[in-house]
Amino acid sequence: MRRHSLPAIILLSTLATSATPDGNQPLAGYSAEGTRVERDWEGKFRSLPSADNQRDYMKRLSARPHHVGSPYDKDNAEWLLAKMKEWGLDAHIENFDVLFPTPKERVVELVEPTKFKASLEEPPIAVDPTSNQQTEQIPTYNAYSADGDVTAPLVYVNYGVPDDYEKLERLGISVKGAIVIARYGGSWRGIKPKVAAEHGAVGCIIYSDPRDDGYFEDDVFPQGPMRNKNGVQRGSVMDMPIHPGDPLTPGIGAVPGAKRLDLKDAKTLTKIPVLPISYGDAQPLLSAMKGPMAPEAWRGSLPLPYHIGPGPAKVHVAVTSGWDTKRLYDVIVKIPGSTYPDEWIVRGNHHDGWVNGAGDPIAGAVAELEEARGFAELLKQGWKPKRTIIYGLWDGEEPGLLGSTEWAETHADELREHDAVYINTDSNGRGFLEAGGSHTLEKFINGVAKDIQDPEKKISIWQRARANHIVESKSDDDRKEIRQREDLRIPALGSGSDYTVFIDHLGIASLSLGYGGEDHGGIYHSIYDDFYWYTHFSDTDFSYGCALSQTVGTAVMRLADADLLPYDFTALADTIHRYSDELQRLLKKEQDRITEQNKELQDGDLVANADPWKPYVLPAVEEVPPHLNFAPLLNASDALTRSAEHYRKALDTVTKSGGLTLGEASIQSLNTKLIQSERRLTSTDGLPGRPWYKHLIYAPGFYTGYDVKTIPGVREAIEQKKWKEADQQIVIVSTVLQDEATLINSAATELEKHQ
Ligand SMILES: [Zn+2]
C-alpha cells in the first residue's frame, strides 16, 4: 500500500504498555501527538462524573419497582431517553415483545409430619421507605419455572450441583419422585432445578441459608447489609446455558411479526416447578427432616441438625404463572464516528430490576448515565470520536438477558461487521476493580486501569487491584507471577449479564467491569435492594460510582479515538497455552481418580472402610478414560504464540525505527482485519448440543450456569466422559486457533510492509 502524505499521516507507537503509568508513554495504537490530544480529552472527561448526579439518578430510577412489564420500567426508559435528549444526544427506544411469566399461584407448605405454610412474603421495614410498595412489587418467584402442583417427601441436596447427587448416590438416597430443597450458592440458580429434574425430582425449593447469605457473614438488614430471615432471592431459572433471551425466538430478534415457537416447544423453561424461599420459611421444613446427617460441608448456619431425608417431611409445592408477552424498552444512544463511522464501540448496562433494584442494576446504570453526560459535554467542546459509540440501557436483563439478546440478535449482521468491542457493567459497589473479558483486551484494560485513581486510597486502581491479587493469592507461584508480570490477568467471562450475546453468540471482543469486594450485600434480588440499603451499606458516597464512570468512559474514548485498534494477542496466546495445560491435567486427574477408585473397589478397601451402621452404596467399576490426542491443540497453540509474537514484533520494530506512517485507508484495512480476530474464535455450528453458543474458547458451563468453561467443547466432553466427542472438539478448536494465527500473521505482515 502506498504511503500517504498529509493530512492523513499517522505515527503509530508500539502496543506495549509499561508496567508503571507514564503520562509521556504513547498510548497503544496512537501516535505521540495523538496520545497528547487523547490524554487531554480523557483528563477533561474524568473531571466530569458527579457523585451528586449519580445519587439523584439512583433515587429517581429506584423510587418504585421496575421489573419487565411494570409501569415504572417503561417510565424509567422514557426518563432515560429524555435525559439523553436533554444532553443533546441522538437517542431512541427499541421495543421487543417477549415471553415473561409472572406469578399467579405460589404455595410451599409442610403437610407431614406437622403443618406449616411458608409465607413467601418480604415484609416492609419501617426505616426503609420503599419497602412498603407491596402493590407494585413482583412477588417472590423464579421466572420460567414450569407450572405444577406436587406433594412429595423432601430431600436436602446441598447446592444441588452434579457432585452433590454423586454424594447422595453413595448414601443410597434417590430424589426420584421427591421434592428437593437446595440452598442458593455453588452454582447459578437455574442449574438446581435442571439437575434435580434430570435425577427424577418432581419439584424444587431454593432457599438462602444464613451461612452463605445472612448472619454468618454480617449483621442483617436493616441493622446490617445482609439478608434477614424474610429476605428472598427472586431470579430467573431459564436454562440460559442452552440460550438466553426470549424463549420463543432463539437466535432471532423478538420484533413484532417475528416467527415464534409454541410455548410447548420452548427449550429453556424448567421441567419441574421451582420456588425460592427465605431462611425463615426454610427452617420449619429443614427441622422436620430426618434421615442421615448431611456431610459437614453441606451444613448451613441455621440452628438445627441438617438431615438429608427423604422425609418424613412431606411438602406441597404449587406454581402457576401467567404466560404473557411483555414489551421491552431498550434505550439506545448513538454518537457517530468522525473518521471510522463503520467501526463501533458498544457499551451497556441494564435498567430493569427485580424490584427497586438500586444496587442491581441502577448503581451501574447511573455510572453509564454520567459517562453519556460527560461525552455530550466533550462533544460540545469539540471532541470528535473517530469511531461510532453506541450506548445501550437494556431492559429485561433479570429474567434472561432479554433486552440485550433481542437487540443484538436483531442487529446481528451489522454487529458482526462493525462492532469492535462491547463493554458491560451491571451492579457496582466499593472496593477493587473487577475486570473480566476477552484476552485480546487484557493489555488494553490494564493500561486504562493504570490511569484511574482509586477514590479512597489515591493510588491507581491498577495498583490496588494488583495488591489485592497478591494478598489474596493462593500460592507462592501465583504471587511470584503477579509480581513479575507486566499486566494483571483477567478472568474469562461466563454468563450472568448482558455481555453474553456479544461475546458468546456474535464473537465480539468484550469486557465486563465493576467495583466490589469491600461491601457485604445480602439484598440481591429482594425488595431491600433499594436506595436506603445502597446509601447506608454500599458505595454510600458514590465515589466508586464515579470511578466506574471514569474507568468505562476512558476505555470507550481510548478505543473510539485510537488510530489502530489496541488489541494485543500475546495474552490470548499465553492464556490458550494455560487452558490446554489445564485440559491435559483434567484428563490425567480423572484417569488417576478412576484408577484409584477401581483399585479400592477391587481390593475391598471401600467395603472394609464403610461404617456398617450407616448406609453406603459402592460405586460401580468405571472404565478408565482413554488418552486423548492433544497434539492438534498444542500445535495450534504454538502457532498462535508465534503469530502473536510476530504482530508484537512488527509494532516494536516500527516504533524503534521512529514510528510507522500509514494512511487512513491502510489503517482501516488493518483495523477491519483486527475487528474480525474475535469472530475467528467462533464456529457457525457452535458448541455440541447448544448451537447458540458460537465462541469456542469461552462459554458459561452447561452445569455451572454463570461460571465460565474455557475451551468448553473439549472441557465439557471430558467432564461428561464423552471421549470421542472430546477428540473431535480438540480438532475443531485447533482449526479455529490455526485460522486465528493466520489472521494475526497477515495483520503483522501488513504492518511490516509499511515500516
Ligand atoms: Zn443486574
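The values are calculated or read from the model by the stated rules, or taken from the named source; none is laboratory data. Only a predicted model underlies this, so the values are computations on that prediction, with no experimental measurement involved. Backbone-built Cβ (ideal geometry, glycine too); neighbour counts: all protein chains shown. Heads up: the accessible areas ignore ligands, DNA and RNA and are worked out on the full protein's heavy atoms, side chains in. Shrake-Rupley method; radii C 1.70, N 1.55, O 1.52, S 1.80 Å.
Checked against the criteria, ALA282 does not count as touching a strand residue (DSSP E or B) at 6+ places or on another chain (Cβ under 6 Å), within 16 Å of the ligand (Cβ to nearest atom) and in contact (Cβ under 8 Å) with a residue 12 or more places away in the chain.
Taking every residue in region 351-362 that is within 7 Å of ASP529 (Cα to Cα) and pairing it with any residue that is near the ligand (Cβ under 9 Å from one of its atoms) and open to solvent by 10 Å² or more (accessible area, probe 1.4 Å), at least 6 positions away or on another chain, the pairs with Cβ-Cβ distances below 7 Å are GLY359/SER427. Counted as qualifying within region 360-440 are the helices (runs of 4 or more DSSP H) with 2 or more residues that are more than 16 Å from the ligand (Cβ to nearest atom) and more than 17 Å from GLY516 (Cα to Cα), namely 363-380, 402-410, 412-418. Taking region 52-72 as the range and being crowded, with 20+ Cβ neighbours inside 10 Å and under 14 Å from THR535 (Cβ atoms) as the test, the residues that pass are GLN54, TYR57, MET58, LEU61, SER62. Condition check for TYR279 on (1) open to solvent by 60 Å² or more (accessible area, probe 1.4 Å); (2) under 21 Å from ILE191 (Cα atoms); (3) in contact with a Phe, Trp or Tyr (Cβ under 8 Å, 6 or more places away or on another chain): one failure, at (1).
When residues in region 447-464 are screened for being in a helix (DSSP H, G or I) and among the aliphatic types (A, V, I, L, M), 3 of them pass.
Of all the numbered requirements in (1) assigned to a loop (DSSP other than H, G, I, E, B); (2) at pLDDT 95 or above; (3) closer than 30 Å to LEU369 by Cα, LEU564 misses one, and that requirement is (2). If you check ASP539 against the conditions, is it more than 25 Å from ASP454 (Cβ to Cβ), in contact (Cβ under 8 Å) with a residue 60 or more places away in the chain, part of a loop (DSSP other than H, G, I, E, B) and in contact with a helix residue (DSSP H, G or I) (Cβ under 6 Å, 6 or more places away or on another chain)? Here the answer is no, as ASP539 does not meet what is asked. Against the list (1) more than 26 Å from GLY251 (Cβ to Cβ); (2) open to solvent by 10 Å² or more (accessible area, probe 1.4 Å); (3) more than 16 Å from the ligand (Cβ to nearest atom), the condition LYS326 fails is (1).
The residue that is farthest from the ligand (Cβ to nearest atom), among those in region 474-501 that are among the aliphatic types (A, V, I, L, M) and in a helix (DSSP H, G or I), is ILE482.
Can you pull out every residue in region 699-755 that is on the phi > 0 side of the Ramachandran plot and small (Gly, Ala, Ser)? If the condition is that a residue be on the phi > 0 side of the Ramachandran plot and small (Gly, Ala, Ser), then GLY705 is the only one that fits. The residues of region 636-654 that are hydrophobic (A, V, I, L, M, F, W, C) and over 9 Å from LEU751 (Cβ atoms), listed by number, are ALA636, ALA639, LEU640, ALA644. Within region 332-357, the set of residues being in contact with a Lys or Arg (Cβ under 9 Å, 6 or more places away or on another chain) and within 16 Å of the ligand (Cβ to nearest atom) comprises TRP354, VAL355, ASN356. Evaluating ASN468 against the criteria (1) polar (S, T, N, Q); (2) away from the ligand (no atom under 16 Å from the Cβ); (3) open to solvent by less than 10 Å² (accessible area, probe 1.4 Å); (4) in contact with a strand residue (DSSP E or B) (Cβ under 6 Å, 6 or more places away or on another chain) leaves one unmet condition, (3).
Among GLY364, GLY311, GLY353, GLY357, which is the only one that is at pLDDT below 95 and open to solvent by less than 10 Å² (accessible area, probe 1.4 Å)? If you could, list the steps in order and put the result at the bottom.
Working: GLY364 fails: at pLDDT below 95; GLY353 fails: at pLDDT below 95; GLY357 fails: at pLDDT below 95.
Every option except GLY311 fails the conditions.
I'd like the residue in region 304-331 that is touching a Phe, Trp or Tyr at 6+ places or on another chain (Cβ under 8 Å) and among the hydroxyl-bearing types (Ser, Thr, Tyr) and, out of all such residues, is farthest from LYS115 (Cα to Cα). Ranking the qualifying residues of region 304-331, first place goes to THR325.
The set of residues in region 298-315 that are in contact (Cβ under 8 Å) with a residue 40 or more places away in the chain, under 21 Å from ARG227 (Cα atoms) and not charged (D, E, K, R) comprises TRP298, GLY300, SER301, LEU302, TYR306.
To keep it simple, each residue is scored yes or no on (1) open to solvent by 20 Å² or more (accessible area, probe 1.4 Å); (2) out of contact with any His (no Cβ under 9 Å at 6 or more places or on another chain); (3) hydrophobic (A, V, I, L, M, F, W, C).
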position: LYS443; (1), (2), (3): no, yes, no
position: VAL448; (1), (2), (3): no, yes, yes
position: ILE461; (1), (2), (3): no, yes, yes
position: LYS474; (1), (2), (3): yes, yes, no
position: GLU481; (1), (2), (3): yes, yes, no
position: GLU486; (1), (2), (3): yes, yes, no
position: ARG489; (1), (2), (3): yes, no, no
position: GLY494; (1), (2), (3): no, yes, no
position: TYR499; (1), (2), (3): no, yes, no
